Amino acid sequence: KAGVTQTPRYLIKTRGQQVTLSCSPISGHRSVSWYQQTPGQGLQFLFEYFSETQRNKGNFPGRFSGRQFSNSRSEMNVSTLELGDSALYLCASSRVADNEQFFGPGTRLTVL
Amino acid sequence: AQTVTQSQPEMSVQEAETVTLSCTYDTSESDYYLFWYKQPPSRQMILVIRQEAYKQQNATENRFSVNFQKAAKSFSLKISDSQLGDAAMYFCAYLRGKLVFGKGTKLTVNP
């Protein structure tokens with residue numbers, strides 16, 4: 001069974017731009033969560049989607065948004081990029097909500 | 001809010017020896033999951049072991065085992081017969097609604 005895939009793997013943007021990251025969960029998994037990983041703040045929860053509905057949200061500004069499609073694939077969007085948004089963005093999927101999560105390889109975003 | 005604390009930023013172990021990584025957490029919930037994840041330099045987060053809070057028996061996965069003390073809110077990971085491939089960042093995580101991670105412990109395995 002294929003694992004969680006994330007595209008793109010690497011991304012370089014400039015301040016003020018917006019970016020969209022994509023995540024395809026493991027087949028049969030209906031829950032997708034997003035995390036931001038930085039050296040300073042560690043791993044922080046962004047949001048979780050289950051059956052196309054946002055089920056939970058972390059403490060991030062409204063510039064961070066996401067959605068989930070009927071095939072469980074998810075996208076995350078960051079608008080008006082700031083230097084501090086440079087991070088590794090990890091996506092994780094689980095069969096149902098509140099269950100063990102399996103992570104993708106991440107998208108390394110660099111904001112210049 | 002739930003918090004997870006890993007008090008050992010770095011640990012080292014000799015190949016074939018045993019090492020224990022510490023983790024404590026704070027929650028008022030009685031039903032939750034606990035996990036240990038491994039993140040090697042490749043950055044791929046790998047699930048090592050899971051523990052359901054309602055289970056008293058400690059989880060075991062091959063060379064990896066946990067010591068789960070619910071009353072003390074402690075969840076340590078023991079790695080037996082350490083191998084070079086075990087070198088990585090290890091994160092303890094709490095799950096109820098969302099995953100809350102500790103800051104991680106960097107494990108070095110010396111040949």
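Looking only at region B:45-65, how many residues end up being touching a residue at least 12 places away in the same chain (Cβ under 8 Å), within 14 Å of chain A (Cβ to nearest Cβ) and open to solvent by less than 70 Å² (accessible area, probe 1.4 Å)?
Residues meeting the conditions: 8.
Scanning for something closer than 14 Å to A:Gly106 by Cβ, out of contact with any Asp or Glu (no Cβ under 6 Å at 6 or more places or on another chain), more than 10 Å from every other protein chain (Cβ to nearest Cβ) and β-branched (Val, Ile, Thr), does region A:35-57 turn up at least one residue?
The answer is yes; a qualifying residue exists.
One line per residue, one yes/no per condition, for (1) over 10 Å from the mean Cα position of the chain (by Cα); (2) closer than 28 Å to A:Lys57 by Cα; (3) assigned to a loop (DSSP other than H, G, I, E, B):
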site	(1), (2), (3)
B:Val13	yes, no, no
B:Glu17	yes, no, yes
B:Asn58	yes, no, yes
B:Ser65	no, no, no
B:Phe75	no, yes, no
B:Ser82	yes, no, yes
B:Leu95	yes, yes, no
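So, restricting to strands (runs of 3 or more DSSP E) that lie completely within region A:1-100, which ones have at least 1 residues that are in contact (Cβ under 8 Å) with a residue 40 or more places away in the chain, open to solvent by less than 40 Å² (accessible area, probe 1.4 Å) and β-branched (Val, Ile, Thr)?
Numbers: elements: A:5-7, A:10-13, A:19-24, A:31-38, A:42-50, A:53-57, A:64-68, A:74-78, A:87-94.
Correct list: A:19-24, A:31-38, A:74-78.
Can you name every residue in region A:1-16 that is touching a strand residue (DSSP E or B) at 6+ places or on another chain (Cβ under 8 Å) and at pLDDT 95 or above?
Within region A:1-16, the subset touching a strand residue (DSSP E or B) at 6+ places or on another chain (Cβ under 8 Å) is A:3-15.
Of everything in region A:1-16, those that are touching a strand residue (DSSP E or B) at 6+ places or on another chain (Cβ under 8 Å) and at pLDDT 95 or above turn out to be A:Val4, A:Thr5, A:Gln6, A:Thr7, A:Pro8, A:Arg9, A:Tyr10, A:Leu11, A:Ile12, A:Lys13, A:Thr14, A:Arg15.
The values are calculated or read from the model by the stated rules, or taken from the named source; none is laboratory data. Keep in mind that this is a model prediction, so the values were computed, not measured. Here the Cβ is made from the backbone with ideal geometry for all residues, glycine too, and neighbour counts use every protein chain on show. Just so you know, the surface numbers come from the protein's heavy atoms only, side chains and all, with ligands and any DNA or RNA stripped out. Shrake-Rupley method; radii C 1.70, N 1.55, O 1.52, S 1.80 Å.
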